[in-house]
Amino acid sequence: MTITAEKSERGLALVSSITSRKRLVRREDKDSSQRIRFAVQTAFLLLNLWIGVQFWMWVRWAETGGQTTAASRPAGVEGWLPIEGLMQFKYVAATAHLPRIHPAAFFLFSAFVLSSLLFRKSFCSWICPVGTVSEYLWKLGRQLFRRNFTVPRWMDLPLRSLKYIVLSFFVYAVATMSAEAIAEFVASPYGLVVDVRMLNFFRLAGSTTILVLAGLAVASVFVQNFWCRYLCPYGALMGMISMLSPLRITRSESACIDCAKCAKACPAVLPVDKLVQIRSAECMACLECVAVCPAKDALSLKVLGGTGARSRVSPWQMAAGMAIIFVGLVGYAKLTGHWDTHLPQEVIWKLVPSANEQEHAIVGNEAP
Ligand code: SF4
Ligand code: SF4
C-alpha cells in the first residue's frame, strides 16, 4: 500500500531537480511550529504518565482488596487499547449504540481517527507518547553521533510493510466479528481486565520482553522513529486514514531554492525537496520540514486545492484543532455518562488480582 502510494507519488509529483540557482527571498517570520508541537507532545506525555500512575494505583488498590491508597480508575487508560477501540468502533457503527464497557476506548479511538482525517498522521508526531519518546531517542542519537542512520532502501521498503501486515491481521480479526460477538467479548472476564493485562505486560515483563523493548529503544537511537516507521500497526492505520486528509505539505517551485534542507530534516525520509505535494502515508505533519525552510512561502501545510495565505494551516491552528477534537469528544462522553466503566466493587476485587489467569474469550469462531 505504502510502496504503491509512494511510487505513484513519485510518478505523479516528481519534478525536475536542481537545474539552476534561484534567488533566495528569505522568510521573515520566526517559525514556532516545533515549540508548539513540543508543548503539545509534552502535555500528552505528562497526561499519559499521570494516567499510568493513577491506573497502577487503582490496580494495586484492587489487588490488595482496598489495603493501599484508594484511587479511581482513569478511563483514559483505554487510549492504550487500540484493538478494543477498533472493536468498539465497529460495534457502534453496526448497532448505533454506545458501549457500556470501556466506552472511553471508542471515544479516544474516534478522536485519533478524526485527528488523522483532518490533520494527517499528526497523531504520531503530536499526540502519541510512544512517538514522542521515539523522537527524543533519535534526537539523542543525533546529538551523540551528529547524525541518524538510514536503513538501505532494499531493506526499508519490506520493513515498512511489516506494520501493514500486523494491521491487516487485527483488522481482519475485528472485521469478521459480529456486533454481538464484540459485546460478548468485551463483557467477558478477560475483556473486562484487558487493561490490567496490558499493565501487567510491562509491570511483570520477563527477560524476553525487556530485551525486545531495549532493542527497540536502541534501534530508535540510531534510526528515526524505528518503531513507528516499521512496526506500529496503529501508525499504519492512522497513515492510511491520513491519505483522506484535505491537508498536504506543499512546496512552491517558484519560491523554493532547492537547498534540500527540508528533505534532510524530514524524519520520515521523504524527498520533500523534489515533490510539489507530500501525499505519502508516512508524512506525520510534524512540520520539521517547514521549520527549516529558509525561503519565504516555499513550504507550508496547505488545504488541498487552496491558494494564497488563507489556505495555509498554522501550527497554532493544528494545535487548536486537535484540542477541540479531544476536549469535544471526551467532554461529550463525560457529560453523557459514556466515559467511565461502572463495575461492582466485588467484580473488580475478584478479577483484577487474577487478570492474567483469565482465559481469552472464544466467541464462536470469531475471537480477535
Ligand atoms: S514531510 Fe514534513 S511534515 Fe511530513 S513527515 Fe516530513 S518533515 Fe514532517
Ligand atoms: S527547504 Fe526545501 S522547500 Fe525550502 S527552499 Fe530548501 S528545498 Fe525548497
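In summary, A263 fulfils each of the numbered conditions (1) farther than 22 Å from S32 by Cα; (2) not in a loop (DSSP other than H, G, I, E, B) with the single exception of condition (1). A single member of S122, S178 is surrounded by fewer than 17 Cβ atoms within 10 Å (Cβ to Cβ) and touching a residue at least 40 places away in the same chain (Cβ under 8 Å), and it is S178. Are any residues in region 89-105 in contact (Cβ under 8 Å) with a residue 40 or more places away in the chain and in a helix (DSSP H, G or I), and if so, which ones? K90, Y91, A94, T95, P103, A104, listed by residue number. Quick one: would you say S110 is in a helix (DSSP H, G or I), small (G, A, S) and in contact with a Ser or Thr (Cβ under 8 Å, 6 or more places away or on another chain)? Here the answer is no, as S110 does not meet what is asked. Could you list, in sequence order, all residues of region 146-174 that are among the small types (G, A, S) and more than 16 Å from I241 (Cβ to Cβ)? Selection gives S161, A173. Within region 329-337, one or more residues are away from ligand 1 (no atom under 16 Å from the Cβ), within 19 Å of K121 (Cα to Cα) and either touching a residue at least 12 places away in the same chain (Cβ under 8 Å) or in a helix (DSSP H, G or I) (or both). Within region 266-285, restricting attention to residues that are more than 8 Å from ligand 2 (Cβ to nearest atom) and outside any loop (DSSP other than H, G, I, E, B), which residue is surrounded by the most Cβ atoms within 10 Å (Cβ to Cβ)? That would be I278. For region 290-304, the candidate set comprises residues that are assigned to a strand (DSSP E or B) and within 6 Å of ligand 2 (Cβ to nearest atom); within that set, the residue that is surrounded by the fewest Cβ atoms within 10 Å (Cβ to Cβ) is A295.
For region 247-256, the set of residues classified as basic (K, R) and either part of a loop (DSSP other than H, G, I, E, B) or near ligand 2 (Cβ under 9 Å from one of its atoms) (or both) consists of R251 only. In summary, L247 fulfils each of the numbered conditions (1) in contact with a Lys or Arg (Cβ under 7 Å, 6 or more places away or on another chain); (2) away from ligand 1 (no atom under 11 Å from the Cβ); (3) farther than 25 Å from K139 by Cα with the single exception of condition (2). Any residue at all in region 86-100 that is surrounded by fewer than 20 Cβ atoms within 10 Å (Cβ to Cβ) and under 17 Å from the mean Cα position of the chain (by Cα)? Scanning region 86-100, I find at least one residue that is surrounded by fewer than 20 Cβ atoms within 10 Å (Cβ to Cβ) and under 17 Å from the mean Cα position of the chain (by Cα), so the answer is yes.
Each reported figure results from applying straightforward, stated rules to the coordinates on display, with no laboratory input. None of these values were measured; they are calculated from a predicted model. FYI the Cβ positions are ideal-geometry reconstructions off the backbone, even for glycines, and counts take in every protein chain you see.
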